[in-house]
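Rule-based calculations on the coordinates, nothing more; no lab input. Source: prediction; values computed, not measured. Note that each Cβ is placed from the backbone with ideal geometry, even for glycine, and that neighbours are counted across all protein chains shown.
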Amino acid sequence: MMKMGNHFKSANLGVTGGFGKITPPKTSTSSSNSSTATTTAGTTAAVIGATTTSKESTYPKDCPPDVNELGRSTWTFLHSLAATYPPKPNETQQNDMLQFLNIFSKIYPCWWCAEGFQSFMEKPETKPKVTTQEEFGKWLCDAHNEVNERVGKPKFDCNLWKQRWKDGWEDGSCD
Ligand SMILES: Cc1cc2nc3c(=O)[nH]c(=O)nc-3n(C[C@H](O)[C@H](O)[C@H](O)COP(=O)(O)OP(=O)(O)OC[C@H]3O[C@@H](n4cnc5c(N)ncnc54)[C@H](O)[C@@H]3O)c2cc1C
């Protein structure tokens, strides 16, 4: 049986799960906002609240991911999923997405993140919305903002999710 040291356990499989050990981030505190530090002027505009303290991962790139590295990659995947979701999905496509989200929320390899995401999806007012691409994209943005809020990061303006993840910024900086 795997050890439970430092509160680590796999996402949903208790202490015997088959996932690698996802560690809390090794951090250094910086005074700049991570989004503003790393992305375009458009992203800066998309972030509400300019001066918060953020924690950048200092984990080496070629080591197993910590919670930040895993999170960044996963949000890229999830928002890209919304960006390529049909504008008007049929019933099968909607059901597939709901099923995916349900399974994803159980197996995400950071157990406390998975629990937070499950709670968000279970609340009647924040249940997954998948009837159109626009609705799904905004719901995911809200879900991401809920995590941002919990971890002390600035909220993202969800009116801009499509520019960030699908079309590129109106100023042409992604062209
Ligand atoms: C499902 C899930 C649950 C998580 N739960 C936790 C948790 O409980 N505790 C924890 O410490 N970490 C959690 N994380 C990780 C956390 O969300 C971040 O990924 C991590 O802190 C790294 O943050 P970051 O500043 O690099 O940017 P990220 O938050 O990873 O965002 C990447 C990029 O997405 C864009 N963005 C930011 N907010 C939004 C938004 N609302 N909508 C659209 N685009 C946006 C910005 O351009 C940003 O640079 C979770 C990740 C996932 C996928």
Do you know which residues across the stretch 156-175 are within 10 Å of the ligand (Cβ to nearest atom) and farther than 24 Å from residue 88 by Cα? 156
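So, of the residues in the stretch 99-155 that are of a type in the set (Phe, Trp, Tyr) and farther than 22 Å from residue 165 by Cβ, which turns out to be farthest from the ligand (Cβ to nearest atom)?
The selected residue is 111.
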Restricting the stretch 155-175 to residues that are free of Cβ contacts under 8 Å to residues at least 12 places away in the same chain and of a type in the set (Asp, Glu), the one farthest from residue 121 (Cα to Cα) turns out to be 175
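Condition check ((1) touching a residue at least 60 places away in the same chain (Cβ under 8 Å); (2) among the aromatic types (Phe, Trp, Tyr); (3) within 19 Å of residue 23 (Cα to Cα)) across all residues:
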position	(1), (2), (3)
109	yes, no, yes
131	no, no, no
137	no, no, no
148	no, no, yes
153	yes, no, no
